[in-house]
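S.K.: Let me begin by handing over the structure; questions about it come next.
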Number of protein chains: 4
Amino acid sequence: MADVTLEQARNIVAAALSKGRDLGLKPLTVVVLDSGGHMRAVEREDGAAPGRIEIAGGKAYGAVMLGMGGRAQMERAEAQAYFIAAANGALGGRMVPVPGGVLVKDGERVIGAVGISGDASDQDEAAALAGIEAAGLAAQP
Amino acid sequence: MADVTLEQARNIVAAALSKGRDLGLKPLTVVVLDSGGHMRAVEREDGAAPGRIEIAGGKAYGAVMLGMGGRAQMERAEAQAYFIAAANGALGGRMVPVPGGVLVKDGERVIGAVGISGDASDQDEAAALAGIEAAGLAAQP
Amino acid sequence: MADVTLEQARNIVAAALSKGRDLGLKPLTVVVLDSGGHMRAVEREDGAAPGRIEIAGGKAYGAVMLGMGGRAQMERAEAQAYFIAAANGALGGRMVPVPGGVLVKDGERVIGAVGISGDASDQDEAAALAGIEAAGLAAQP
Amino acid sequence: MADVTLEQARNIVAAALSKGRDLGLKPLTVVVLDSGGHMRAVEREDGAAPGRIEIAGGKAYGAVMLGMGGRAQMERAEAQAYFIAAANGALGGRMVPVPGGVLVKDGERVIGAVGISGDASDQDEAAALAGIEAAGLAAQP
């Protein structure tokens, strides 16, 4: 399997938003990218600010482009800030290296990434993990 | 009603893709934007090339930014090519002024736009019109 | 006098919009720039599409940057398309070289420019001319 | 109500500038954006430097795109600098995350944002709050 399918992406989005409602989170925006960093499915809940598309997308984009989830990127940034800053510059400033960007894996293979924005980063990540799990796939935060 | 809701956007996407399958079209990408040009819902079918996101998005973006559907933009471009070319430049080159970008209206008010790419422009537009109609909203191609 | 004042710019905007209503034009967007191409006053009427800001602004920007109104730019483009295309490229693609961009002059001196978008280019220009005249200034279309 | 109307935007601008004069502030620039981040009304006072358009606009743009006023953005930046820096990058560097960018709300709904620049950030914000209050709308700094 090369890439997250639309069916899988839809399941991730639906389960992530459902998790957000269960946890009483603020309105969420969910972006699912394929292994090339291109959108497969996106939904922005009513009341979510418009720029949340770029933030959720940036979390997922950085994950798939670096092969490293947002939490791992944040840890790397704490250890070596200039690397993440320079990587982001090289990628056109599109990365948002914080929790809520999660790699989607089929076994060991990266098949895409999910980015969520709207609540605190840890909550965004919890919704992403729930979405990926519900789709029967492996997550790497 | 201010803007297309997520529920409406989902209905548009589902009905447009269903129309595409009924017509035997190539894999489609559907982008639904709100009245400010920001994504509300996106789906890209399996087999659709990644740049279809930017093309479908550009059709919808031009529609909402100019208040003019893609077919109307194409007609304007045939009458006055330099206006559409310059408008596109002023909007950062993000417009794709061909059929398949359709305004979504609630009565007389623009509440968003749909852009579809993947098959011939006329077919893309037919899927967009079907999606908007199924959501109980008015379409302006 | 170096530049259009805020008071003059307000008068231009008010009179241009009033002219638009008298003529029954579609909702207009009016951008008044100073002699450096920077905004002095802007108003976008209810119902005017959001991208009209960039189009009206691009008409005024090209006028002030080239020292040539939009109608003169269009005539130049018809005689020598590559010059206007190249000039627009050199200016970052921000020009919209059609009627509706009008230089504002105090005697022989350019003190700013007005750009209007929303109706046909000739109508946009008529509103701009009315606005500049009402402010007691000279117009160069 | 979907978006700040032109009438409301004009009232905000007029009252904000009036407040600035009452407080003896430096020349101000006021930008009012709709809920999609697009200009509704702008005025730059005589003596205000030209780049104040981009600064005032960036305060308002960040507010509406993140659904968070400039003061809240500044507090978030103090707690988690890299998030605001990365969000700004993802939004094309157009944000100016300091006080003086204020959300405009109709009840709980964001209908736009005001950005002011020219004096100290706290003074800019005071003028924005006065403008929004005078227009009978709710402000979130």
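S.K.: Just the residues that are open to solvent by 40 Å² or more (accessible area, probe 1.4 Å) and closer than 29 Å to D:R76 by Cα, please, taken from the stretch A:126-137. Reasoning before the result, please.
M.R.: In the first step, residues of the stretch A:126-137 are kept if they are open to solvent by 40 Å² or more (accessible area, probe 1.4 Å); the result is A:129, A:133-134, A:136.
If the condition is that a residue be open to solvent by 40 Å² or more (accessible area, probe 1.4 Å) and closer than 29 Å to D:R76 by Cα, then A:L129 is the only one that fits.
S.K.: Let me ask you something else. Considering the stretch A:29-81 alone, what residues qualify as being farther than 18 Å from D:G89 by Cα, more than 9 Å from chain D (Cβ to nearest Cβ) and among the aliphatic types (A, V, I, L, M)?
M.R.: If the condition is that a residue be farther than 18 Å from D:G89 by Cα, more than 9 Å from chain D (Cβ to nearest Cβ) and among the aliphatic types (A, V, I, L, M), then A:V30, A:V32, A:L33, A:M39, A:A41, A:V42, A:M68, A:A72, A:A79 are the ones that fit.
S.K.: How many residues are touching a Lys or Arg at 6+ places or on another chain (Cβ under 8 Å) and closer than 25 Å to A:E75 by Cβ if we restrict to the stretch D:69-94?
M.R.: Within the stretch D:69-94, the subset touching a Lys or Arg at 6+ places or on another chain (Cβ under 8 Å) is D:70, D:83-84, D:88-90.
Going one step further and asking which of them are closer than 25 Å to A:E75 by Cβ, we end up with D:83-84, D:88-90.
So the count comes out to 5.
S.K.: Something else now. Given the conditions (1) open to solvent by 40 Å² or more (accessible area, probe 1.4 Å); (2) touching a Lys or Arg at 6+ places or on another chain (Cβ under 6 Å), and given that D:G118 satisfies all but one, which numbered condition is not satisfied?
M.R.: In the conditions (1) open to solvent by 40 Å² or more (accessible area, probe 1.4 Å); (2) touching a Lys or Arg at 6+ places or on another chain (Cβ under 6 Å), D:G118 misses (1) alone.
S.K.: Tally the residues that are closer than 18 Å to B:P99 by Cα and either in a helix (DSSP H, G or I) or in contact with a His (Cβ under 6 Å, 6 or more places away or on another chain) (or both), restricting the search to the stretch B:16-58.
M.R.: Summing the residues that are closer than 18 Å to B:P99 by Cα and either in a helix (DSSP H, G or I) or in contact with a His (Cβ under 6 Å, 6 or more places away or on another chain) (or both) in the stretch B:16-58 gives 11.
S.K.: Return only the number of the condition from (1) without any contact (Cβ under 8 Å) to a residue 60 or more places away in the chain; (2) within 19 Å of A:M39 (Cα to Cα); (3) open to solvent by 40 Å² or more (accessible area, probe 1.4 Å) that A:D106 does not satisfy.
M.R.: For A:D106, the failing item is (1).
S.K.: Further question: If only one of C:Q73, C:Q140, C:Q123, C:Q80 is open to solvent by less than 10 Å² (accessible area, probe 1.4 Å) and of a type in the set (S, T, N, Q), which one is it?
M.R.: Checking each option against the conditions leaves just C:Q73.
S.K.: Which pairs have Cβ atoms under 6 Å, sit 6 or more apart or on different chains, and link a residue in the stretch D:35-61 that is in contact (Cβ under 8 Å) with a residue 24 or more places away in the chain to one that is crowded, with 24+ Cβ neighbours inside 10 Å and among the hydroxyl-bearing types (S, T, Y)?
M.R.: Correct list of pairs: D:G37/D:Y61; D:A48/D:T29; D:R52/D:T29; D:R52/D:S117; D:I53/D:T29; D:I55/D:S117; D:A56/D:T29; D:A56/D:S117.
S.K.: Scan the stretch D:82-104 and tell me whether some residue there is of a type in the set (K, R) and within 14 Å of chain B (Cβ to nearest Cβ).
M.R.: Yes: one or more hits.
S.K.: Mind checking whether some residue in the stretch A:115-123 is within 22 Å of D:F83 (Cα to Cα), of a type in the set (D, E) and under 10 Å from the mean Cα position of the chain (by Cα)?
M.R.: no
S.K.: Then there's this: What residue, of C:A120, C:A81, is of a type in the set (A, V, I, L, M), under 23 Å from C:L23 (Cα atoms) and free of Cβ contacts under 8 Å to residues at least 12 places away in the same chain?
M.R.: Details: C:A81 fails: under 23 Å from C:L23 (Cα atoms).
Result: C:A120 is the single residue among C:A120, C:A81 that is of a type in the set (A, V, I, L, M), under 23 Å from C:L23 (Cα atoms) and free of Cβ contacts under 8 Å to residues at least 12 places away in the same chain.
S.K.: Okay, moving on. Go through (1) crowded, with 21+ Cβ neighbours inside 10 Å; (2) under 13 Å from the mean Cα position of the chain (by Cα); (3) closer than 30 Å to A:A87 by Cα and name the single condition D:I53 misses.
M.R.: (3)
The values are calculated or read from the model by the stated rules, or taken from the named source; none is laboratory data. Quick caveat: nothing in here was measured; it's all calculated off a predicted structure. Note that we place each Cβ from the backbone using ideal geometry, even for glycine, and neighbour counts take in every protein chain shown. Just so you know, the surface numbers come from the protein's heavy atoms only, side chains and all, with ligands and any DNA or RNA stripped out. Shrake-Rupley method; radii C 1.70, N 1.55, O 1.52, S 1.80 Å.
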